[in-house]
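The values are calculated or read from the model by the stated rules, or taken from the named source; none is laboratory data. Predicted, not measured: the structure shown is a model, and the values here were computed from it. Every residue, glycine among them, receives a Cβ derived from its backbone with ideal geometry; neighbour counts consider all protein chains shown. The accessibility values were calculated without ligands, DNA or RNA, using every heavy atom of the protein model including side chains. Shrake-Rupley method; radii C 1.70, N 1.55, O 1.52, S 1.80 Å.
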Amino acid sequence: MQAVLLGYGTVGKGVEKLVNTVDGLDMKAVFVLPEFEDLPYFSNDGEGLVTDPDVDVVFECLSGTEPSNTLIRKALQAGKHVITSNKATVAPNLEDYVKLAEENGGSIQIEASVAGGIPFLDAVLKLQKLEDLNGFEGIFNGTSNYILDQMQKEGQDLSTALRDAQAMGYAEADPTNDVEGMDVWYKTVITNMLAYNTKNDGLRKPLGISKLTPEDIALARGENKVIRHISRSVQKDGRYASVIAPAFLNRDDYLANVPSNYNAQLIYADSFDKIGLFGQGAGQMATAQAMLANAIDTMEGTERPIRLDRNLKQDDSLIQETWLVRSEADLSSIPTARVKEGSYWLIGPAGADVIDRIQELDPQAMIALWR
């Protein structure tokens, strides 16, 4: 099979390396921005590459949503097998991509867009073939996990831990998507669709880790808890709900014991209760490996199809949790709210929509799950 690669950054270079190890798969050309002029292997003609009749597989590793979205659509319209790691492009467009693949005889494969080198989406697609999944939860961002790990183990404040993460290559120069939870938001949108076979009904805004302070770390330590940034999603009776937030977890919790920049997930269903996965959620070779695993599936005709034939609706009441809030505001008007100590409140059990009420009273409140 002939392949082309869109993007020649960290992940793209990893894909190029691994393609050269796979018999029967040849890299024909790489699309790059015009400042790269080492032609003909590097090309500035992305549309020409993805519509080339001799090309079977398109690896998409571009950053941002354009030109990635346009080129993915052109490739699918031309019947290509598209393999992408671009969560920001996949999350809002997956329904269209699946439809284009079905109409034109190609495929869209997205394993690397969520959890990097962990075969999480592959497990989701396999497990939901037999039964409805009850949900999933996990750590989906290595940058935020590294920062929280350093804050708790080394006593660093968030800004110092962030600088260390940037120095080690775990965090971008602009870390907003990581620390404010948007990276996890994209991944949760995608996973909801695959886990529940549903079209996208949106997702509430994430709660990031930027409001956490040494005071919160001290509280967690005193309560024998560990703070992690998690995504939690549940499905029940034709509805689903998701929340992305910091979580104060008991020390023996599976997710509390995920160190450094690692990721981990749990998948829930009636037949097996829960299944856990652990590994590198990002990085050059881990992500490239996931993309090449998809390519080998294409070569062998064993792709797991993505079906989005349900229309589940969000219902925040499905997530009933106890919430820890640090706020100087008076939260006593919220049902089930009670003072824990000092400026800390406990609220719940309550649905995720309680976040809206808390933020109305105090937009700067630190809000987390308390388990």
**Prompt:** If you take the beta carbon distance between Thr70 and Asp201 as r and set R0 to 25 Å, what does 1/(1 + (r/R0)^6) give as a FRET efficiency, to the nearest 0.05?
**Reply:** 0.50
**Asked** Taking all protein chains as present, what is the carbon and sulfur share of the accessible area of the chain, in % to the nearest whole number, probe 1.4 Å?
**Response** 47 percent
**Asked** In nm, to one decimal, how far is the Asp45 label point from the Asp273 one, both placed 7 Å along Cα→Cβ?
**Response** 5.9 nm
**Prompt:** Which Rg and Dmax, in Å, describe the Cα atoms of region 277-332?
**Reply:** 21.0, 61
**Item:** Solvent-accessible area of Phe31 with every protein chain in place, 1.4 Å probe, in Å² to the nearest 10
**Value:** 20 Å²
**Item:** Listed residues Lys87, Lys236 arranged by accessible area, highest first, probe 1.4 Å
**Value:** Lys236, Lys87
**Where Met168, Met182 fall by accessible area, highest first, once all protein chains stay in place (1.4 Å)** = Met168, Met182
**Item:** Scaled radius of gyration (Cα, divided by 2.2 N^0.38 Å) that region 254-371 gives
**Value:** 1.52
**Asked** When every alpha-carbon pair in the chain is counted, what percent end up more than 40 Å apart?
**Response** 17 percent
**Fill in**
Residue separation between Asp253 and Ile296 times 0.36 nm, minus their alpha-carbon distance, gives in nm 11.9 nm
**Prompt:** With every protein chain left in place, what is the accessible area of Lys13 in Å² (1.4 Å probe, nearest 10)?
**Reply:** 90 Å²
**Asked** Using a basic spin-label model with each label point 7 Å from the Cα along Cα→Cβ, how many nm lie between Lys126 and Ser159?
**Response** 4.7 nm
**Asked** Accessible area, 1.4 Å probe, largest first: how do Lys74, Lys205, Lys80 sort?
**Response** Lys205, Lys74, Lys80
**Item:** Sequence-distant lysines (8 or more away, or on other chains) whose Cα lies within less than 19 Å of Lys211
**Value:** Lys153, Lys225, Lys340
**Message:** Just to verify a number: what accessible area does Asp45 come out at with the full protein assembly present, 1.4 Å probe, Å² rounded to tens?
**Reply:** 80 Å²
**Request:** Let me have the 222 nm mean residue ellipticity of the chain computed from DSSP H runs of 4+ only, each contributing -39500 (n - 2.57), with the sum over all residues rounded to the nearest 500.
**Result:** -10000 deg cm²/dmol
**Item:** Dipole magnitude of region 140-227 about its Cα centre (Cβ charges: Lys, Arg +1; Asp, Glu -1), debye to nearest 20
**Value:** 340 debye
**Unit charges on C-beta of K, R, D, E only; dipole of region 293-369, Debye** = 160 debye
**Prompt:** Just for the chain, what percent of DSSP beta bridges are antiparallel, to the closest 5?
**Reply:** 65 percent
**Item:** Dipole of the chain, positive end: most advanced residue of Ala352, Leu203, Gln128 [Cβ charges, Cα centre]
**Value:** Ala352
**Complete:** Expected unfolding gain across Thr176-Lys313 under the 0.36 nm per residue rule, minus the alpha-carbon gap, is 46.5 nm
**region 127-215: GluC sites (Glu not before Pro) falling in loop per DSSP and having at most 16 other Cβ within 10 Å** = Glu131, Glu154, Glu172
**Request:** Would you mind working out the accessible area per residue for the chain, using a 1.4 Å probe, and quoting it in Å²?
**Result:** 41 Å²
**Asked** Net charge near Met285, counting Lys/Arg +1 and Asp/Glu -1 over other residues with Cβ under 13 Å of its Cβ?
**Response** +1
**Prompt:** Glu360 versus Ser63, label points 7 Å from Cα toward the beta carbon: distance in nm?
**Reply:** 4.0 nm
**Debye, to nearest 20: dipole size of the chain, +1 on Lys, Arg Cβ, -1 on Asp, Glu Cβ** = 900 debye
**Complete:** Expected vector for region 231-243, Karplus 3J(HN,Hα) from phi with 6.51, -1.76, 1.60 and θ = phi - 60°, integer Hz, x for Gly and Pro, equals 10, 10, 9, 9, 10, 6, 6, x, 9, 8, 8, 9, 9
